[in-house]
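The values are calculated or read from the model by the stated rules, or taken from the named source; none is laboratory data. Quick caveat, the model's predicted, so the values are computed rather than measured. Glycine gets a Cβ as well: all are built from the backbone with ideal geometry, and neighbour counts include every protein chain shown. The area values use the complete protein model at the heavy-atom level, side chains included, leaving out ligands, DNA and RNA. Shrake-Rupley method; radii C 1.70, N 1.55, O 1.52, S 1.80 Å.
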Amino acid sequence: MFAHAHAHPKPANTFAYGTAGFRTKADLLDSVVYRTGLLAALRSAVLGGQTVGVMVTASHNPPADNGVKIVDPLGNMMDQAWEALATQLANAPDSELEATFEAIKAQVQPTYTGAGSVVFARDTRASGPALIAALKDGLADMGATAIDMGLQTTPQLHYVTRCLNSPTDAADAAYFGQPTEEGYFAKLAAAFGAIVGDTAGIAITIDAANGVGAPKAKLLAEHIPAAALAITVVNDDTANCDVLNSRCGADYVKTTISPPPALTLVPNTLYCSFDGDADRIVFYYADAAGAFHLLDGDRIAALATKYLKQLVAEAGLDLAVGVVQTAYANGNSTTAIGALGVNVTCTPTGVKHLHKAAHENYDVGVYFEANGHGTVLFSDRALAAFRAADAPAGRLLHSFGELINQTVGDSVSDMLMVLAILHKLGWAPGDWDAMYTDLPNTIRKMEVADRTIFKTTNAERQLVAPEGLQAKIDAANAAYPAGRCFVRASGTEDVIRVYAEAATDADLAALVANVFDALQPYKA
Ligand code: G16
């Protein structure tokens, strides 16, 4: 039945649909991506032939890795109930592939009689074209319509997926935009222009992580007058795949709390870093004395919450504004955001969890992971209120509704949101930084013999296995003022992550040393 299956044999490895889809060494992924093609087409059929998205990327991971994830028709991550099915199909022995597929099909029962439709794109990794070929084989074996968007950022693929499933009449309230790259940039540029005008004199330097965000940021610059926003792009070498995310990009800046070495920071000037597929962003600046200041996802959440809440009040709207974070949020950010008078909730790592919580709980749902992954979601009720509003604040909210990517965190859209808010507030980087002071903190990773033994509860803040380890971490935390450390298995890399914060640098160092002592028995 599957004509191309023999060309995509499964290696001996076991695969899991993790934090952001399948992600591992690229040379292991051929069969996984082929089978993801089969599943994406099936998902489309189950959803009545709506177009499903597939993105081939490993985002922040090193150049030798790659990954694949499925996007649902409204541009959100695939329904989590299907993750187990994706894992099951990826791990079926070659001889059982068709039987496994048929069993899954019997379970999900597609009623649509057509073959489904799938739109897909990839980032700049060297392994991308071959994996896309495997994906196309899977779609061909299902007879699905295959829409190839070529090189795109992950958020662009989410955007296009949503547009392909939305009304095409711009007068329709559910119209989202044109399902093209041009449509994406035109929508962002128009909304940004409506907020800041044509001569705002804003400037930003973007570290594009030597990834797909580099050419896309340059395209954005063609759509916005330079007198409104002057964009400089650095770390833009996509010709050399080996430099992707290497000593640059959002993950490097966040985890090292330092600028990319290739950049010399001009004091009191704002910079930002994208990650490899441009779905996260962190900002930073150097003060007059040359000290580095990181403005991460927590701070983006604080800024957006403060400003949007203010606009909602000015517009006289009764809307629930709230914030979603993960355990990685700096404790002082949670306190400062709470002091703005909004609810703050905590979910496990993974934007799919934050997105769901923001969507379910708030009209204006600000969600950001500390690593710079996030966006602001507006409920249908909020968007309708913005459209109907006469007051200037209401019109501004309407423009922010157009500017902010409603499908997923987006470096480009988030960057424009932050720049627009800073401009409206008349804030320099130091004013934004002054919203609160981070507790000293660190994120480390450790290679372990088997990361799957690390099981967590309470939004990943506590371990339930291996037995006895959490008690040691609890004792370490209790020994230091404001000490908070947790350990969890990464869903995107073969490591465990250790996050710690404490009242002073010395306490932080001692806390981390204690916890690493406790982790020694598990080290690879
Ligand atoms: C992905 C997810 C993020 C998550 C990050 C790290 O980001 O989309 O939600 O924070 O991985 O996850 P983990 O700690 O489980 O490895 P990206 O930018 O790599 O797609």
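A few remarks follow.
- Expected-Rg normalisation [2.2 N^0.38 Å, Cα atoms] applied to region 235-325: 1.35
- Principal axis extents of the C-alpha atoms in region 105-216 (largest first, rounded to whole Å): 57, 40, 22.
- Antiparallel content of DSSP bridges confined to region 201-314, in %, to 5: 45 percent
- Its residues counted as N, region 87-160 yields a C-alpha radius of gyration over 2.2 N^0.38 Å of 1.27.
- Accessible area of the chain belonging to carbon and sulfur atoms, whole % at 1.4 Å probe: 52 percent
- Antiparallel bridge percentage (DSSP; both residues within the chain; nearest 5): 55 percent
- Within the chain, longest stretch clear of exposed GluC sites (Glu not before Pro) (DSSP loop, no more than 16 other Cβ within 10 Å): 1-446
- Cα gyration tensor category, rounded, prolate or oblate, for region 1-132 with a/c compared to 1.5: oblate
- Restricted to Cα atoms, the chain shows a radius of gyration and a Dmax of 22.6, 67 angstrom.
- Along region 402-408 the Karplus relation, 6.51 cos²θ - 1.76 cosθ + 1.60 evaluated at θ = phi - 60°, assigns HN-Hα couplings of 7, 6, 8, 4, 8, 9, 5 Hz to successive residues, with x for each Gly and Pro.
- Loop-located chymotrypsin sites (Phe, Trp or Tyr not before Pro) across region 39-120 with a Cβ neighbour count of 16 or fewer within 10 Å are Tyr112, with loop assigned by DSSP.
- At 1.306 mPa s and 10 °C, Stokes diffusion of region 192-290 via Kirkwood alpha-carbon radius, µm² per second: 115 µm²/s
- Annotation: amide H of Ala230 within the under-5 Å range of Ile202, Ala203, Ile204, sequence separation 5 or more or interchain, hydrogens built in the peptide plane.
- Given Lys25/Lys472; Lys69/Lys187; Lys105/Lys523, the pairs whose alpha carbons are separated by over 32 Å: Lys25/Lys472; Lys105/Lys523
- Whole-Hz couplings from phi, Karplus 6.51/-1.76/1.60, listed for region 163-180; x for Gly and Pro: 4, 5, 10, 10, x, 8, 8, 4, 7, 6, 4, 8, 4, 10, x, 6, x, 9
- Annotation: amide H of Asn330 has no partner in the under-5 Å range at sequence separation 5 or more or interchain, hydrogens built in the peptide plane.
- J(HN,Hα) series, region 252-264, from Karplus relation 6.51 cos²θ - 1.76 cosθ + 1.60, nearest Hz, glycine and proline x: 4, 5, 5, 7, 9, 6, 7, x, x, x, 6, 9, 10
- Estimated translational D of region 122-167 in µm²/s (Stokes, Kirkwood radius over Cα pairs; 20 °C; 1.002 mPa s): 182 µm²/s
- By the equivalent-ellipsoid construction on the alpha carbon gyration tensor, region 11-85 comes out with semi-axes of 22, 13, 10 Å, ordered largest to smallest.
- Full extension of the segment from Ala81 to Lys218, taken as 0.36 nm per residue of separation minus the current Cα-Cα distance, would add 45.5 nm.
- Checking every one of the chymotrypsin sites (Phe, Trp or Tyr not before Pro) in region 226-304 against DSSP loop status and a limit of 16 other Cβ atoms within 10 Å picks out no site at all.
- Excluding ligands, DNA and RNA, the accessible surface per residue across the chain is 37 Å² with a 1.4 Å probe.
- For Thr345, residues with placed amide H under 5 Å, excluding near neighbours: Val323, Val324, Gln325
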